[in-house]
């Protein structure tokens with residue numbers, strides 16, 4: 001005796017009779033094979049002879065299945081079974097089990113199971129794949145020739161402490177621009193001191209360089225980075241600069257890679273307090289990045305990605321000047337995403353895209369012309385701002401003199 005589920009598709013039969021609640025089928029044709037076993041089933045004519053409706057066997061209404069059956073070992077081509085009618089809501093399940101007898105079914109089952117496991121892992125552990133913090137420490141600003149700075153410890157509105165430095169110019173730091181530096185998704189802020197030194201020397205500006213929650217050895221344990229968490233961290237940095245009365249009100253926000261998405265978020269929220277935005281090798285959205293990395297499963301990935309980072313949507317609302325720095329040999333973020341951001345920034349009062357032929361994702365800043373693009377962009381904004389401020393100051397004085405005369 002053996003037992004196995006059977007789901008009916010079609011068959012031929014000749015003779016039947018009923019014994020209690022068990023139906024006996026004789027000389028019936030086998031409809032499927034599985035592991036050397038032969039299975040049988042009744043026909044549409046059989047159910048018509050029992051008084052069933054003609055449409056009860058239709059695909060539009062229901063499927064006929066056997067919940068249990070036994071193969072009679074004494075007589076070939078005979079089975080004992082109890083028949084039940086299944087609703088259309090289980091038709092897919094019926095089809096799935098029928099494929100169990102097909103030779104390619106085990107491969108399909110393995111591929112399907114692997115896909116489900118992969119998508120489940122993506123949904124549950126995507127924060128670990130996107131954010132790659134490190135407790136390793138590269139050093140302090142004085143180790144890189146930046147000895148004039150303030151240690152900064154901020155507490156976000158959700159109660160998380162973040163640490164960093166406010167690096168000041170030695171001469172007249174109150175009258176120079178201030179750059180807010182949002183670093184990328186890996187390591188921590190101490191690994192950006194070499195790059196910050198270049199900005200400090202070539203641009204002659206103050207630099208606010210801080211890490212995010214979960215990054216660096218000073219981060220409290222148990223705090224993992226997330227999109228919403230990084231938003232709170234960036235808002236705390238902006239509130240810190242706004243609270244300092246000793247600084248010139250000339251603030252620029254800069255972000256690289258994932259930090260570029262964070263810089264775009266801050267520029268949209270605080271553009272009335274910022275003078276310019278600079279982004280380097282960043283993406284249109286994290287969902288687009290997932291589609292680029294995994295093109296075969298891009299559509300379900302877009303629904304499962306919890307960290308959205310919709311930079312393309314936000315950059316359409318930014319009115320302040322924007323500088324785009326793109327490395328054309330970036331193997332991580334497709335350079336076409338930077339061009340898309342540039343083209344969609346239509347509300348910006350001034351925008352500029354500078355491409356570096358040999359620039360990679362992490363090594364665009366060492367190429368010739370990099371700091372020149374920065375200086376040209378900053379000087380044009382500062383000059384325009386100074387001219388507007390001067391005009392606003394001169395015009396009232398002339399009007400007062402005319403009134404007095």
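So, residue 270, is that one modelled with pLDDT of 80 or more, in contact with a strand residue (DSSP E or B) (Cβ under 9 Å, 6 or more places away or on another chain) and either on the phi < 0 side of the Ramachandran plot or not assigned by TED's automatic domain parsing to the domain that holds residue 185 (or both) or not? Yes, satisfied.
Yes/no per residue for (1) surrounded by fewer than 18 Cβ atoms within 10 Å (Cβ to Cβ); (2) within 25 Å of the chain's Cα centre (by Cα); (3) farther than 20 Å from residue 363 by Cα; (4) at pLDDT 95 or above:
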position	(1), (2), (3), (4)
110	yes, no, yes, no
122	no, yes, yes, no
132	yes, yes, no, no
147	yes, no, yes, no
164	no, no, yes, yes
181	no, yes, no, yes
193	no, no, no, yes
198	yes, no, no, yes
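Of the listed requirements (1) in contact with a helix residue (DSSP H, G or I) (Cβ under 7 Å, 6 or more places away or on another chain); (2) surrounded by fewer than 19 Cβ atoms within 10 Å (Cβ to Cβ); (3) closer than 19 Å to residue 334 by Cβ, residue 304 misses just one: (3).
Filtering region 322-341 to residues that are in contact with a strand residue (DSSP E or B) (Cβ under 6 Å, 6 or more places away or on another chain) and surrounded by fewer than 21 Cβ atoms within 10 Å (Cβ to Cβ) leaves 328, 335. Within region 270-285, identify whether any single residue is over 19 Å from residue 365 (Cβ atoms) and under 11 Å from the mean Cα position of the chain (by Cα), and answer yes or no. Yes, there is a match, as at least one residue in region 270-285 is over 19 Å from residue 365 (Cβ atoms) and under 11 Å from the mean Cα position of the chain (by Cα).
Of the residues examined, residue 95 is not one that is part of a helix (DSSP H, G or I) and either closer than 30 Å to residue 207 by Cα or modelled with pLDDT of 80 or more (or both). Filtering region 338-358 to residues that are over 24 Å from residue 314 (Cβ atoms) and part of a loop (DSSP other than H, G, I, E, B) leaves 357, 358.
Taking every residue in region 326-338 that is touching a residue at least 60 places away in the same chain (Cβ under 8 Å) and pairing it with any residue that is part of a helix (DSSP H, G or I), at least 6 positions away or on another chain, the pairs with Cβ-Cβ distances below 8 Å are 333/289. Output the number of residues of region 276-333 satisfying the condition of being modelled with pLDDT under 95 and in a helix (DSSP H, G or I). Total meeting the criteria: 18.
The residues in region 175-194 that are within 16 Å of residue 252 (Cα to Cα) and touching a strand residue (DSSP E or B) at 6+ places or on another chain (Cβ under 9 Å) can be counted, and the count is 8.
Between 204, 248, 213, the distinction of being in contact with a helix residue (DSSP H, G or I) (Cβ under 6 Å, 6 or more places away or on another chain) and surrounded by fewer than 21 Cβ atoms within 10 Å (Cβ to Cβ) belongs to 248 only. The single condition among (1) modelled with pLDDT of 95 or more; (2) under 20 Å from residue 177 (Cβ atoms); (3) not in a loop (DSSP other than H, G, I, E, B) that residue 242 does not meet is (1).
The values are calculated or read from the model by the stated rules, or taken from the named source; none is laboratory data. What you see is a predicted model, and the numbers here were worked out from it, not measured in a lab. No Cβ is skipped: glycine too gets one built from the backbone with ideal geometry, and neighbour counts run over all protein chains shown.
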